[in-house]
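For reference, the structure discussed in these notes is given below.
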Amino acid sequence: MRTLHAAPVVRCALGEGPVLHDGAVLVDGGRVAAIGPLEELRAAHPRARVREWPGTLGPALVHDGPVPDAPTPRERIHALLRLGATAVLAEHVADPGLRAAAERNEVIVLDEARPRPAALTESGRADLAVFGADGACLVTVLAGRLVHRRR
């Protein structure tokens, strides 16, 4: 099923880069199928499910510090997702249980601190995050799956 993730502001790249107002990202499976104005994408894909989020939608983050503490490896990985991160450096998931939890959840494990394309691109993996005005992560989409929604 195709899903349109829409927000008042869509940043196609972290930091500097183009900003799309009243934009959307069309997700098909685990991939980005299109990026553009919400109304244009809605007209072109009338059967797509539409999820409208408050805040700024953009690429998910790479977590480059220690994984937050929690009772279980699964909960520790979910804590990353609540931060808007869908990738982590291998040095921070060295524990076999934590590494297995990351891989089970399809969190990308990077071997070294190398730049990961922090941009939304058509046909790229659908790793998205929505952040509120206070900087808190409201939504995380990992490989097209909604894995965190702040209530």
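What are the pairs with Cβ atoms under 9 angstrom where one residue, in segment 137-151, is within 14 Å of Thr56 (Cα to Cα) and the other, located anywhere, is among the acidic types (Asp, Glu) and open to solvent by less than 30 Å² (accessible area, probe 1.4 Å)? Sequence gap at least six, or different chains.
Cβ pairs passing all conditions: Thr140/Asp127; Val141/Asp127.
Would you check which residues across segment 68-84 are within 17 Å of the chain's Cα centre (by Cα) and either at pLDDT below 95 or in a loop (DSSP other than H, G, I, E, B) (or both) and list them?
Within segment 68-84, Leu83, Gly84 meet the criteria.
Consider only pairs whose beta carbons are under 8 Å apart and that are at least six residues apart or on different chains; among these, list those whose first residue lies in segment 66-89 and is within 21 Å of Arg125 (Cβ to Cβ) and whose second residue is of a type outside the set (A, V, I, L, M) and part of a helix (DSSP H, G or I).
What qualifies is Val67/Arg76; Val67/His92.
Please go through segment 41-67 and give me each residue that is assigned to a helix (DSSP H, G or I) and surrounded by 18 or more Cβ atoms within 10 Å (Cβ to Cβ), ordered by number. Please lay out each step first, then the result.
We begin by selecting, within segment 41-67, every residue assigned to a helix (DSSP H, G or I); these are 41-44.
Across segment 41-67, the qualifying residue is only Leu41.
Of all residues in segment 68-83, count the ones that are in contact with a His (Cβ under 8 Å, 6 or more places away or on another chain) and either open to solvent by less than 10 Å² (accessible area, probe 1.4 Å) or under 25 Å from Pro8 (Cα atoms) (or both).
Initially, segment 68-83 is screened for residues in contact with a His (Cβ under 8 Å, 6 or more places away or on another chain), giving 70, 78, 80-83.
Narrowing the set further to residues that are either open to solvent by less than 10 Å² (accessible area, probe 1.4 Å) or under 25 Å from Pro8 (Cα atoms) (or both) leaves 80-83.
Final tally of qualifying residues: 4.
Within segment 42-67, count every residue that is of a type in the set (Lys, Arg) and more than 18 Å from the chain's Cα centre (by Cα). Spell out how you get there, then give the answer.
Step one: filter segment 42-67 for residues of a type in the set (Lys, Arg), giving 42, 47, 49, 51.
Applying the additional criterion that residues be more than 18 Å from the chain's Cα centre (by Cα) yields 42, 47.
Total satisfying the criteria: 2.
Among Val141, Val147, Val93, which is the only one that is over 23 Å from Val10 (Cα atoms) and not polar (S, T, N, Q)? I'd like the intermediate steps shown before the answer.
Values: Val141 fails: over 23 Å from Val10 (Cα atoms); Val147 fails: over 23 Å from Val10 (Cα atoms).
Result of the check over Val141, Val147, Val93: Val93.
What single numbered condition from (1) in contact with a Gly (Cβ under 9 Å, 6 or more places away or on another chain); (2) farther than 23 Å from Gly29 by Cα; (3) surrounded by 14 or more Cβ atoms within 10 Å (Cβ to Cβ) fails to hold for Arg99?
(1)
State the number of residues belonging to segment 85-111 that are closer than 19 Å to Arg145 by Cβ and in a strand (DSSP E or B). Break it down stepwise before answering.
Quick first cut of segment 85-111, residues closer than 19 Å to Arg145 by Cβ only: 85-88, 100-109.
Pick out the ones that are also in a strand (DSSP E or B) and you get 85-88, 108-109.
Of the residues in segment 85-111, 6 are closer than 19 Å to Arg145 by Cβ and in a strand (DSSP E or B).
So which pairs qualify, if the first residue must be in segment 1-20 and without any contact (Cβ under 8 Å) to a residue 12 or more places away in the chain, the second must be of a type in the set (D, E, K, R), the Cβ gap must be under 7 Å, and the two must be at least 6 apart or on different chains?
The qualifying pairs are Val19/Arg11.
The values are calculated or read from the model by the stated rules, or taken from the named source; none is laboratory data. Keep in mind that this is a model prediction, so the values were computed, not measured. For neighbour counting, all protein chains shown are included, and Cβ atoms are generated from backbone atoms with ideal geometry for every residue, glycine included. Just so you know, the surface numbers come from the protein's heavy atoms only, side chains and all, with ligands and any DNA or RNA stripped out. Shrake-Rupley method; radii C 1.70, N 1.55, O 1.52, S 1.80 Å.
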